[in-house]
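For reference, the structure discussed in these notes is given below.
A short reminder: the numbers here are calculations on the coordinates, not readings from a lab. If you're wondering where the values come from, they're calculated on a predicted model, not measured in any experiment. With ideal geometry, Cβ positions are generated from the backbone for all residues, glycine too; neighbour counts draw on all protein chains shown.
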Amino acid sequence: MNTRRIIAAMSALTLATGLAVVTTAASAAPSAEPTLPAMDAPLLSQSAGPYTGKWKVAGGSLEESFELDGATIANGTTALRGDLAADQVVSFGYVAGFGDPATGAEYAQLSGQAGSDITGVSVVSASGVRTAASLVDGVWGAVWPAGDSTDEFGAARIEVSTPAGTTTVSTDDVDVIAADQRAADQG
């Protein structure tokens with residue numbers, strides 16, 4: 001696997017999601033690859049082909065780990081929101097992803113939080129791919145094959161199900177990472 005491609009993928013993931021990505025430096029040996037710690041006991045996980053997203057809560061943060069064929073390729077954390085309304089959903093960034101250098105296949109991911117009344121979350125990417133997210137204890141995450149569309153990454157729509165029905169929101173409106181960045185820029 002190409003070390004530069006992994007680092008570029010992690011950098012893109014960081015920019016797209018606002019995650020604090022943790023990596024280790026590659027050794028001086030040309031064949032050595034960076035190794036990242038595996039996530040133990042995830043709260044939820046979801047896979048698409050060889051790509052798996054894993055999420056767990058640690059203190060006031062959501063830890064995320066992304067694997068390709070069982071090897072961790074990126075990980076990071078983002079602060080959880082403690083003041084969500086029962087019917088509110090937030091996303092942690094826009095759709096980001098990873099390309100498998102061996103096959104050229106692209107995979108996408110998005111995660112966030114959901115209020116206590118939310119019974120289901122689905123992500124509809126900009127290219128129209130609809131993916132049901134895994135939802136456990138107010139945390140949701142989704143991964144899917146991205147296909148060939150350049151529109152796959154970026155803003156998406158989130159379908160939110162509650163006992164009152166289903167509504168759709170744009171990640172532009174519920175992206176708490178972007179909102180935090182805008183507030184810091186104005187602050």
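Taking other C-beta atoms within 10 Å as the exposure proxy, Phe153, Phe66, Phe92 rank Phe153, Phe66, Phe92 from fewest upward. Modelled label positions at Ala132 and Asp172, each set 7 Å beyond Cα in the direction of Cβ, lie 2.9 nm from each other. Sequence gap at least 6, Cα distance under 8 Å: using those rules, report the relative contact order of the range 70-145 to the nearest whole percent. Dividing the mean separation by the residue count of the range 70-145 yields 27 percent.
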